[in-house]
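Novice: Questions regarding the structure given below will be posed in turn.
The values are calculated or read from the model by the stated rules, or taken from the named source; none is laboratory data. Keep in mind it's a predicted model, so treat the numbers as computed, not measured. Glycine also receives a Cβ, built like all others from the backbone with ideal geometry; neighbour counts cover every protein chain displayed. Heavy atoms of the whole protein, side chains included, go into the accessibility calculation; ligands, DNA and RNA do not. Shrake-Rupley method; radii C 1.70, N 1.55, O 1.52, S 1.80 Å.
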Amino acid sequence: GADAGLAVKVDPSEDVDLSGVAAELQVSGLRRQRLQLGERRLLSLPAYQPHRAELQDASSMDSIAAVRVGTTGAARSVFLSPGRLVTLAVPVEVTYTFIGHAQDLAGMPVPSARILNAPVPATEANGGFVVDFPRREQALYLLQGSELLSCPLQVRERRMAVLMVGAVQCRSLPVTQLPAHVREQPRVTRLLQERALIAPGRTAQQGATP
């Protein structure tokens, strides 16, 4: 029975463990709407009136990740004629923040190691790291000197969307076993070539220098 409508669709999360409120939507004349990840909702609106839809971040502080509204979905102005249905996509940006300390198998810190998963500073002198990922990572991949390391990320505690992993033990990793989403980054390829782990013009998947 409405004159017109606004169909809202929130991006889903690739992480099955991530759920909950992702955004708040305010449309002129309507009460504020709280939208879940992956939710679709149809809002009835009067025709022949200008409407402004504004989105704000609304993720829960006890979530495993920080969820924010993407920059392309912050606000939109619409003027609806009778029978018209306008769609509003709500892009979301997810950030997983891990805090911990990298150690070798003997329990010694892994200092000044380059973090390959994300463009963040190297590990500290005590092996400490703070790193943000746009996806849920299962391991931290480091490059210390010419040695490639894999450090499993097992969450021990969660504090306001920050995942505390404590001391993580790092093992040597063959360059060919570096995951594709990490090794295909130009920054990572350049680092591996500089350390002679792969030949110039090759990728980590193609293997090391003969």
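Novice: Please check: in the Gaussian network model of the chain (C-alpha springs, under 10 Å), which one of L30, L197, L163 has the largest mean-square fluctuation.
Specialist: Largest GNM mean-square fluctuation: L30.
Novice: At 7 Å along the Cα-to-beta-carbon direction for both A7 and S77, put a label point, then send me their distance in nm to one decimal.
Specialist: Going from the A7 label point to the S77 one covers 2.5 nm.
Novice: How large is log10 I(q)/I(0) at q = 0.33 Å⁻¹ when the Debye formula is applied to the Cα atoms of segment 116-162, each weighted equally and without solvent?
Specialist: Here log10 of I(q) over I(0) equals -1.51.
Novice: Quick one: grab Rg to one decimal and Dmax as a whole number for segment 1-96, Cα atoms only, in Å.
Specialist: 13.9, 43
Novice: Additional query: May I ask you to derive the FRET efficiency for V182 and R159 from their Cβ-Cβ distance with R0 = 30 Å, giving the value to the nearest 0.05?
Specialist: FRET efficiency, V182 to R159: 0.70.
Novice: Could you give the alpha-carbon Rg of the chain over 2.2 N^0.38 Å, rounded to two decimals?
Specialist: For the chain, the normalised Cα radius of gyration comes out at 1.35.
Novice: For segment 140-154, take each phi angle, set θ = phi - 60°, evaluate the Karplus expression 6.51 cos²θ - 1.76 cosθ + 1.60, and give the result in whole Hz per residue in order, putting x for glycine and proline.
Specialist: 9, 10, 10, 10, 10, x, 10, 10, 8, 10, 10, 10, x, 9, 10
Novice: Bin by bin, in steps of 5 Å, what percent of the Cα pairs in segment 1-43 do you find, going until the bin that has the longest distance?
Specialist: Per 5 Å bin, starting at 0, the Cα pair percentages come out as 6, 19, 30, 19, 13, 8, 4, 2.
Novice: May I ask you to give the solvent-accessible area per residue for segment 1-156, in square angstrom, as obtained with a 1.4 angstrom probe?
Specialist: Solvent-accessible surface per residue comes out at 53 Å².
Novice: For segment 110-164 and segment 1-70, write down the distance between their C-alpha centroids in whole Å.
Specialist: Taking the Cα centre of each part, segment 110-164 and segment 1-70 sit 33 Å apart.
Novice: Right, something else. Using modelled amide H (1.01 Å from N, peptide plane; none on Pro or chain starts), what sits under 5 Å from the amide H of I198, excluding residues fewer than 5 places away?
Specialist: Hits under the 5 Å cutoff: Q193, T209.
Novice: Using r as the Cβ-Cβ distance of D57 and E124, and R0 as 30 Å, what FRET efficiency do you calculate, to the nearest 0.05? Walk me through the numbers on the way to the answer.
Specialist: Working: r = 30 Å, r/R0 = 1.00.
My answer for the efficiency is 0.50.
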